[in-house]
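Contents: one structure, followed by commentary.
The values are calculated or read from the model by the stated rules, or taken from the named source; none is laboratory data. Everything quoted here is computed from the prediction, not taken from an experiment. Ideal geometry is used to build each Cβ from the backbone, glycine not excepted, and the neighbour counts take in all protein chains shown.
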Amino acid sequence: MLDTIVETIRDKNTRWEGLVQLKELETSDDIERFIHYCEDSFWLIRWAVIEKIGDLKLTGCLDTLFEKLADNDNHVRKNTQKAIIKCTKDNIKPIINNLESSNQYITLFCRTFLAKHLDKYQDTIQESLFLNSWIISNQLLHIIFLEKKEKAENILIKATKIKNTEKHAIMMLALIQSKKGISHFISLFRTKPALKRHIIQAILTMDPSLVYPILIDYINQPKIKKTIQEIIIKCGKPIVPYIIQSLHKKPFTEELIYCLNKTTITVPVYTLLEKKVSKYPILAKKINLINLKPK
């Protein structure tokens, strides 16, 4: 039946009649013939057959449809996009799975579709985020991050617990300046030594006026004191002015002096330290300014 219709379309004298016949076709058992005509040399036949595949929701043709996203005819490419959307209306997993395609036309279509319909298919997308390959999971995470920003905080925190996405999720939390993320970084720093360097890089990416005071506040908790001290020391020069600001606070003094002695102090920061010690004489008994003076 399809072969006869296609030949009717191919003849310019009966073309319109053939297109009407194809439009009225209600069923098809011969998937292979539809796939065959997706590769026809005549663009109008490719265009018409692909449109019909979408109307009939022939999911068995999906692999071919994804390939036709790179068709050399613009009309065919547009109809292909519409056909894929119709075929995946009730199941977008084929679109998600094709995020790891090496074909840029396919990945661009998939990313664009998922970004546009993120809310509509959020349950499927979030489920796939934690169950797919490294490539797909991180593609999905990146789409969520770009579209949701701060609203993605809870998903990003969950993603730090998955091997495939942990590193990207940590950096994304830093980029959205997540306060929740800071406490989570501390937990990961304690339990996943392999992530320590990545966590420090993320912290150094954040707004210093946000992240460093919060870190310093945590140093008063006995169970994580050593962890916080290690993080502070690894943060290095950028955190030193914030250490100096809090030196006079009794709960922090001894712990922060320990960190101060392990960091490098620049000349401008040393001037701040001198002023601090002169303002709070009790610090003079605890801090050896000579040892800390930049050489």
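Can you go through ILE96, ILE106 and tell me which one is crowded, with 17+ Cβ neighbours inside 10 Å, among the hydrophobic types (A, V, I, L, M, F, W, C) and farther than 30 Å from PHE42 by Cα? Spell out how you get there, then give the answer.
Numbers: ILE106 fails: farther than 30 Å from PHE42 by Cα.
Testing whether each residue is crowded, with 17+ Cβ neighbours inside 10 Å, among the hydrophobic types (A, V, I, L, M, F, W, C) and farther than 30 Å from PHE42 by Cα leaves just ILE96.
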Query raised in the report: Can you tell me which of THR253, THR266, THR271 is over 26 Å from ALA169 (Cα atoms), β-branched (Val, Ile, Thr) and touching a Pro at 6+ places or on another chain (Cβ under 8 Å)?
Result: THR266
Report summary line: LEU215 fails exactly one of (1) farther than 17 Å from HIS184 by Cα; (2) surrounded by 15 or more Cβ atoms within 10 Å (Cβ to Cβ), namely (1)
Query - Residues that are without any contact (Cβ under 8 Å) to a residue 24 or more places away in the chain and of a type in the set (A, V, I, L, M), drawn from the range 115-169 - result: LEU131
**Report entry** Pair list, Cβ < 8 Å and 6+ apart or interchain, from the range 183-203 residues that are under 16 Å from ALA159 (Cα atoms) to residues that are in a helix (DSSP H, G or I) and polar (S, T, N, Q)
**Finding:** ILE186/THR227; PHE189/THR227
Report summary line: Residues of the range 1-53 being closer than 21 Å to GLU67 by Cα, of a type in the set (Gly, Ala, Ser) and surrounded by 14 or more Cβ atoms within 10 Å (Cβ to Cβ), in sequence order, are ALA48
Query raised in the report: Is it the case that PHE66 is crowded, with 16+ Cβ neighbours inside 10 Å, over 35 Å from the mean Cα position of the chain (by Cα) and in contact (Cβ under 8 Å) with a residue 24 or more places away in the chain?
Result: no
Query raised in the report: Only one residue in ASN132, ASN164 is surrounded by 13 or more Cβ atoms within 10 Å (Cβ to Cβ) and under 21 Å from THR88 (Cα atoms), so which one is that?
Result: ASN132
Query raised in the report: Does TYR270 satisfy the criteria of being surrounded by fewer than 18 Cβ atoms within 10 Å (Cβ to Cβ), more than 16 Å from LEU215 (Cα to Cα) and hydroxyl-bearing (Ser, Thr, Tyr)?
Result: yes
Query raised in the report: Restricting attention to the range 165-182, which residues are within 12 Å of the chain's Cα centre (by Cα) and assigned to a helix (DSSP H, G or I)?
Result: GLU166, LYS167, HIS168, ALA169, ILE170, MET171, MET172, LEU173, LEU175
Requested in this report: Mind counting the residues in the range 215-238 that are farther than 22 Å from GLN177 by Cβ and either modelled with pLDDT of 95 or more or among the charged types (D, E, K, R) (or both)?
Outcome: 6
Query raised in the report: For the range 204-223, how many residues are under 18 Å from LEU260 (Cα atoms) and over 28 Å from the mean Cα position of the chain (by Cα)?
Result: 5
Query - So CYS110, is it over 19 Å from LEU25 (Cβ atoms), in contact with a Phe, Trp or Tyr (Cβ under 9 Å, 6 or more places away or on another chain), part of a helix (DSSP H, G or I) and not charged (D, E, K, R) - result: yes
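Conditions tested, residue by residue: (1) closer than 20 Å to THR80 by Cβ; (2) part of a helix (DSSP H, G or I).
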site	(1), (2)
GLU7	no, yes
LYS12	no, no
TRP16	no, yes
LEU22	yes, yes
GLU26	no, no
ASP29	no, no
ASP40	yes, no
ILE45	yes, yes
GLY60	yes, yes
Query raised in the report: Considering the range 231-287 alone, what residues qualify as being among the polar types (S, T, N, Q) and part of a helix (DSSP H, G or I)?
Result: GLN245, SER246, THR253, ASN261, THR271, SER278
